[in-house]
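FYI, it's all coordinate maths here, none of it is from the lab. Note that this is a predicted model, so its numbers are computed, not measured.
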Amino acid sequence: MPSPKSMLKDAEMMAQILKDMEITEYEVKVVNQMLEFAFQFVTTILDDAKISKRVTVDAHDV
């Protein structure tokens, strides 16, 4: 589990993404939803990679 300090950094990064997209008004829950989505997405990708056990990456993987 990430440390509280890194979670704060991750939340700041998500807020920066929203700012870069010129989204200035959003509910606080949006940042948490973005964090949850990113975590689930990355976890799924890593689990798929673990199952694959391939050592090379080709264009189909990207």
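Tell me, in nm to one decimal, what length is gained between residue 5 and residue 20 on full extension, where the rule is 0.36 nm per residue of separation less the Cα-Cα distance?
Details: separation 15, 0.36 × 15 = 5.40 nm, distance 2.26 nm.
Extra length from residue 5 to residue 20 when fully extended: 3.1 nm.
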- Message: Within the chain, count lysine pairs with alpha carbon atoms under 29 angstrom apart where the residues are 8 or more positions apart or belong to different chains.
- Response: 7
- Helix 4-20 axis, angle to the chain major axis (alpha carbon atoms, nearest 10°): 80 degrees
- Reported label for calculated Cα Rg over 2.2 N^0.38 Å given [x] 1.45; [y] 1.30; [z] 1.07: [x]
